[in-house]
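Following: one structure in structure tokens, then a few remarks.
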């Protein structure tokens, strides 16, 4: 994945172009760096204070794609044999398609759907029912709720999730969203400096860039007019919190907030945390097998890391037979920082193999680019995995403190 290029278009929007003559299809994604995180719930737009709840970014995702000046762009793309979709993440929204024909027409349609929106009360209300139904399904994602509760507890001065513990709100919140409030959020966050275009395919670079610049020349610029509050991310909420749901097992989630050390790049930090995640909870790691042997663990749903400003979050969700003992054992393991060279090399080879597999699928890296934007502009971590040494990993690991942690639990509803 070395032959990609960053090109800044005339309106300032960056194009990340991956040009490969072997590609039979073209992948296109339009990424807006605005998602469902609570950091966007409060903002000042043109001198007026706004306070919204979860669900606005997701509602905009539906509205812009399904009710554009071209109609429903997903239906249009499907009629051209293109595979199209969109998703809303915590830190971005992504609209994307892949296919072999009608690419230029579809790129223009996608850009105009996002940058020349139609905000009509009838369209907003038509989207509401489907979003309400989707929001209802989140109430059954118990492991996700446990993780979201942990993320909410990690920073006490803003809510990444409101009381719904959902990135798309609930039925009641969805019913209260208005056309004007959606338009305000659009004007605040769908600005040109928040947009990224990613294209992978066998294309003529010069013709493509000229074509994109001509599209944007006929679209009014969207300049930043929003002021966001400053959050003090140091304090944490209570270290243990639970919600009660009708479930078969207790689901626990552990979150650790780590201050980002100086003189370490975000790329290196993410790589080191990937090593740590694999070291702790990979199904074939020595520690995981030890936990199973001591009957402290049934299984782990997933684990991941995330960087928020100057902090790293290390989070995983699991089902444990003895949560308190599990927590103590896991924290002791983190404090010891005793990964051996052979363990490090085993994990490194595994991570390299995963990256090589993704690089062989030449549409995989561009499609994952939105998730990577918070810490890097590279399509792949392969080079870093190859270059990082055991000594450098241990140097970074020894800079990290694991004192601040929080727990989230979904408890069984007692009969």
- residue 358, sole failed condition from (1) touching a helix residue (DSSP H, G or I) at 6+ places or on another chain (Cβ under 7 Å); (2) without any contact (Cβ under 8 Å) to a residue 40 or more places away in the chain; (3) surrounded by fewer than 16 Cβ atoms within 10 Å (Cβ to Cβ): (3)
- Say we look at region 125-143 and pick out the residues that are part of a helix (DSSP H, G or I) and free of Cβ contacts under 8 Å to residues at least 24 places away in the same chain; which of these is farthest from residue 249 (Cα to Cα)? 125
- State the number of residues belonging to region 6-16 that are outside any loop (DSSP other than H, G, I, E, B) and either buried (at least 16 other Cβ atoms within 10 Å of the Cβ) or in contact (Cβ under 8 Å) with a residue 60 or more places away in the chain (or both). 5
- Item | Wholly enclosed helices (runs of 4 or more DSSP H) of region 200-301 bearing at least 2 residues in contact with a strand residue (DSSP E or B) (Cβ under 8 Å, 6 or more places away or on another chain) and within 21 Å of residue 406 (Cβ to Cβ) | 266-281
- Item | Filter result for residue 103 (buried (at least 21 other Cβ atoms within 10 Å of the Cβ), assigned by TED's automatic domain parsing to the domain that holds residue 203, more than 20 Å from residue 370 (Cα to Cα) and in contact (Cβ under 8 Å) with a residue 12 or more places away in the chain) | yes
- Note on the structure: residue 175 meets each of (1) over 26 Å from residue 31 (Cα atoms); (2) crowded, with 17+ Cβ neighbours inside 10 Å; (3) in contact with a helix residue (DSSP H, G or I) (Cβ under 8 Å, 6 or more places away or on another chain) with one exception, condition (2)
- With the condition kept exactly as written, say whether any residue in region 164-186 is touching a strand residue (DSSP E or B) at 6+ places or on another chain (Cβ under 9 Å) and free of Cβ contacts under 8 Å to residues at least 40 places away in the same chain. no
- Residues within region 17-71 that are in a strand (DSSP E or B) and either closer than 18 Å to residue 228 by Cα or in contact with a strand residue (DSSP E or B) (Cβ under 6 Å, 6 or more places away or on another chain) (or both), tallied: 17
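The values are calculated or read from the model by the stated rules, or taken from the named source; none is laboratory data. In this text, all values refer to a predicted model and were calculated from it rather than measured experimentally. Heads up, the Cβs are rebuilt from the backbone with ideal geometry, glycines too, and the neighbour counts pull from every protein chain shown.
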